[in-house]
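Encoded as structure tokens, the structure appears first; notes follow it.
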Amino acid sequence: MTLNDVKEILEAEVVAGKDDLMMEIKMGCGCDLMSDVLAFTKAESLLLTGLTNPQVVRTAEMTDVVAICFTRGKKPDEDTVRLAKSRGLPLLITQLPMFESCGRLYKSGLVGCSEYER
Amino acid sequence: MNDDTNKVTQLVEGREITRVHELQYELKIADVMTTDVITISATDSMKQLRELLRSKRISGTPVVKNRKIVGIVSIEDLIKCLANREENASIGEKMTKTVATIYDDEPLVNAVVKLNEYGIGRLPVIERGRSELVGILTKEDIIKGLLKKLEIDYQIREVRPDQEGTLFNNTLDAKMRVQFKYDIPSRDISRAGESASVLKKTLKRLGFHPQIVRRAAIIAYESEINIVLYSHGGQISAQIQPNYIKIKASDTGPGIADVEQAKKPGFSTAPEWVRELGFGAGMGIPNIMKCADKMTLKSEVGIGTVVDTIINVDSGPN
């Protein structure tokens, strides 16, 4: 699945990384707890989250998460967008709630971090 | 060493050493020297030298007359004088009169050679033509200059344009041992992750395997978050070798009352504001343990906490 597929499926708006929509997304992770993202996500995941502070971008950076989608229409603040842009990390916003976002992506074939096998 | 380790070593040597060597030819003395030189006059006394060395925290200084260098005097000369009770002797009597100097337009490599050859700590820099003292060069200046050119500073600037270089202190020697040090202020969550970010980039640039880089980044980031959220401030340092990475996180208190409890997943003392940021779930220390091959945590209430971790480069993903 590409990031563009994610955008279509979630009817999402792109706030950073418009040129990176063809990147491949291998798995997904839906999480509001950054501690868990740090502990359990794998590299090359898409992170879906309701948190919008810059630490979300930092967490993604450290764990090699390749893109972030904010759920339920949450808008990231300027610092968050700036940091994401400086790291080349695409940011999306979907109006869908977390559960439905995850559900749609999973139904379309995107696997979770614990299922993904190289 | 297995194949992977060898690969890393080769990468490090092949890429970085050559670049460092190249830079020694590219950079000129004037690019890296300290221009704000502290000097002393030949008519001053050794007593005055003692005060100068102490107050400026230096170990030696050029002796100057009319902006021209006439000698050099170091802490060793001072010690000799003190031993012989000659504190009132003039600098002129006790200084070394034949001074190794270097011109400001010479390549850096000439300074490296001279410092090694003469076994000295500093080289006064002379402006070609006017023969005046325009700067001084120490090994520290050379290392700083090289690193600056290697754009490690540049990464800092990217993160924090207004504090360029003030928090960051990297040194690099010929054996490719990279040391990394970063001060972490307390409570400033907006900056948490800077040290981890720089460490991650450095490791990536040095050619470490992405999984090793990721593990080190997570350890540094979790440590940083802990220092920012729970301590009075502290420091993250890392020692990078081709076959292992050591990360040390230390803070100046308040310390952890029950260390065993802190290691248990889910144990947390985090206040609400920390939880709102997505942290404070009691996973920090357990996650550091998971990413490290070895972790030791020492803490004393009222003193501080030190977390030492080691990643063996040939140990794979987790």
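The values are calculated or read from the model by the stated rules, or taken from the named source; none is laboratory data. Quantities reported herein were computed from a predicted structural model and do not represent experimental measurements. Here Cβ is always computed from backbone atoms with ideal geometry, including for glycine, and neighbour counts include all displayed protein chains.
Remark: pairs (first residue in the range B:253-269, on the phi < 0 side of the Ramachandran plot; second residue among the polar types (S, T, N, Q) and not in a helix (DSSP H, G or I); Cβ separation under 6 Å; 6+ apart in sequence or on different chains) = B:Ile256/B:Ser299; B:Ile256/B:Thr305; B:Val259/B:Ser299. Tell me, yes or no, whether the range B:211-218 has at least one residue that is more than 14 Å from chain A (Cβ to nearest Cβ), out of contact with any Phe, Trp or Tyr (no Cβ under 9 Å at 6 or more places or on another chain) and either aromatic (Phe, Trp, Tyr) or without any contact (Cβ under 8 Å) to a residue 60 or more places away in the chain (or both). No.
Taking each residue of the range A:49-69 that is more than 9 Å from every other protein chain (Cβ to nearest Cβ) and looking for partners that are assigned to a helix (DSSP H, G or I) and modelled with pLDDT under 95 with beta-carbon atoms closer than 7 Å, six or more apart or interchain, yields A:Thr52/A:Thr80.
Of the helices (runs of 4 or more DSSP H) contained entirely in the range B:231-297, those carrying at least 1 residues that are of a type in the set (Gly, Ala, Ser) and in contact with an Asp or Glu (Cβ under 7 Å, 6 or more places away or on another chain) fall at B:284-291. Taking the numbered list (1) assigned to a helix (DSSP H, G or I); (2) in contact with a Ser or Thr (Cβ under 9 Å, 6 or more places away or on another chain); (3) buried (at least 16 other Cβ atoms within 10 Å of the Cβ) in turn, B:Leu123 passes all entries but (1).
Among the residues of the range A:22-29, is any buried (at least 20 other Cβ atoms within 10 Å of the Cβ), within 14 Å of another protein chain (Cβ to nearest Cβ) and not charged (D, E, K, R)? Yes, the conditions are met somewhere in the range A:22-29. If you scan the range B:196-222, which residues turn out to be among the small types (Gly, Ala, Ser) and modelled with pLDDT of 95 or more? B:Ala216, B:Ala217, B:Ala220 - these are the residues of the range B:196-222 that are among the small types (Gly, Ala, Ser) and modelled with pLDDT of 95 or more.
Exactly one residue out of A:Leu96, A:Leu110, A:Leu46, A:Leu38 is of a type in the set (A, V, I, L, M, F, W, C) and within 13 Å of chain B (Cβ to nearest Cβ): that is A:Leu38.
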